[in-house]
């Protein structure tokens, strides 16, 4: 009788978390990331034992650590990819301020490990590099500010995002870490462009970056030495760049063969900054093209999905993360073939490095969360309706 009078209440069917995650996730991007990590482990088996031998450690010490941090990176990626954009935003805002505080404390408590730049905290059992975690957090934080600034009576989001970005750039220059500073500046400029920034403002920011580079060249011996080394006509074959170039040229199309490469015995950073030289020497151009194809797949798949996204915050944050990720890969490989000055930057998911693997896993986890399929009209449909209305 009650149902006849009041009707039955609709029962909301809630899809379980894992099936919904698997149905909405970008499986191509996820597979590409896992393949990159598998390639990184394969190259780590080749590049890490010589370094472990020189340091008096077990042959697969660095490989085991890479597996450990790789698993942590995968877990962080999957957990974050299951979160809603709102939770990602809150997580990234808190993470940004923690990373910013860590960056501020580096000059007082950080170490350079003999590399001339104070970029790490030594934890005894390992090290922690704040800038690796700051990059994705800043992208999401800046996207939130930019999106909020476009709302009625919203804050001056673009100006605030510029101010925080300039603060981060200044802290990175102090280390000095001009490579990460340039990477973050490029990512912010792309986000600002996507947000609809006037071209003259972008040109003005680019001019500021150029003036900063000119000033750094004349006031930083570390920066000037790297620029001069890049501009010189000849490369000393006994330097890291010389060994890397020789390895890439000798690899040819099919490579020298598994375990036959020699560059890993001469390069102290063969497992990190110059891992692509190990790939080129032992496996040839085929593996290098495969790696480039995986990065291109992640970039294009993510951008195509974000182009259909109507939420401004999601579109900007996803764009910032994938652009920084892709530019970092391009810089690492560009340095190895001497198209760019030496930067000291890892190849995402392929190079050895605990901070890099974990932070990049978190970044791609947030990107996967932003590019998940959601029940919404595509932005093209919305614009079309506005035109016809």
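The values are calculated or read from the model by the stated rules, or taken from the named source; none is laboratory data. Please read all numbers here as calculations on a predicted model, not as lab measurements. For neighbour counting, all protein chains shown are included, and Cβ atoms are generated from backbone atoms with ideal geometry for every residue, glycine included.
Might you let me know whether region 129-136 holds any residue that is under 28 Å from residue 370 (Cβ atoms), buried (at least 18 other Cβ atoms within 10 Å of the Cβ) and touching a strand residue (DSSP E or B) at 6+ places or on another chain (Cβ under 6 Å)? There is at least one residue in region 129-136 that is under 28 Å from residue 370 (Cβ atoms), buried (at least 18 other Cβ atoms within 10 Å of the Cβ) and touching a strand residue (DSSP E or B) at 6+ places or on another chain (Cβ under 6 Å). Please determine whether any residue of region 274-282 is part of a loop (DSSP other than H, G, I, E, B) and either within 17 Å of residue 46 (Cα to Cα) or in contact with a strand residue (DSSP E or B) (Cβ under 6 Å, 6 or more places away or on another chain) (or both). So far as region 274-282 goes, yes, one or more of its residues are part of a loop (DSSP other than H, G, I, E, B) and either within 17 Å of residue 46 (Cα to Cα) or in contact with a strand residue (DSSP E or B) (Cβ under 6 Å, 6 or more places away or on another chain) (or both). Tallying residues that are farther than 29 Å from residue 371 by Cα, free of Cβ contacts under 8 Å to residues at least 40 places away in the same chain and outside any loop (DSSP other than H, G, I, E, B) within region 55-73 yields 3. Residue check: residue 153 meets all listed conditions (1) at pLDDT below 85; (2) closer than 30 Å to residue 278 by Cα but one, namely (2).
Would you check if there is a residue in region 175-197 being part of a helix (DSSP H, G or I) and more than 27 Å from residue 312 (Cβ to Cβ)? Yes, the conditions are met somewhere in region 175-197. Screening 107, 10 for residues that are assigned to a helix (DSSP H, G or I) and either over 30 Å from residue 302 (Cβ atoms) or at pLDDT 95 or above (or both) leaves exactly one candidate, 107. When we screen 126, 154 for residues that are more than 30 Å from residue 61 (Cβ to Cβ) and over 19 Å from the mean Cα position of the chain (by Cα), the only hit is 154.
Answer yes if at least one residue in region 350-361 is surrounded by fewer than 24 Cβ atoms within 10 Å (Cβ to Cβ), more than 28 Å from residue 17 (Cβ to Cβ) and in contact with a strand residue (DSSP E or B) (Cβ under 8 Å, 6 or more places away or on another chain), and no otherwise. Looking for residues that are surrounded by fewer than 24 Cβ atoms within 10 Å (Cβ to Cβ), more than 28 Å from residue 17 (Cβ to Cβ) and in contact with a strand residue (DSSP E or B) (Cβ under 8 Å, 6 or more places away or on another chain), one finds at least one in region 350-361, hence yes. Kindly establish whether residue 51 is in a helix (DSSP H, G or I), more than 24 Å from the chain's Cα centre (by Cα) and modelled with pLDDT under 85. Taking the combined requirement at face value, the residue satisfies it. Filtering 333, 366 for residues that are at pLDDT 95 or above and more than 21 Å from residue 67 (Cβ to Cβ) leaves a single hit, 366. Scanning region 326-359 for residues that are assigned to a helix (DSSP H, G or I) and within 22 Å of residue 289 (Cβ to Cβ) gives 326, 327, 328, 329, 330, 331, 332, 333, 334, 335, 336.
Please verify whether residue 170 is exposed (fewer than 14 other Cβ atoms within 10 Å of the Cβ), modelled with pLDDT of 75 or more and within 30 Å of residue 113 (Cβ to Cβ), treating the condition exactly as stated. So residue 170 fits the description; yes. Can you find even one residue in region 340-355 that is closer than 24 Å to residue 76 by Cα, without any contact (Cβ under 8 Å) to a residue 60 or more places away in the chain and within 11 Å of the chain's Cα centre (by Cα)? No, the conditions are met nowhere in region 340-355.
Taken as a whole, the structure places residue 76 among residues that are in a helix (DSSP H, G or I), modelled with pLDDT of 95 or more, in contact with a helix residue (DSSP H, G or I) (Cβ under 9 Å, 6 or more places away or on another chain) and closer than 20 Å to residue 361 by Cβ.
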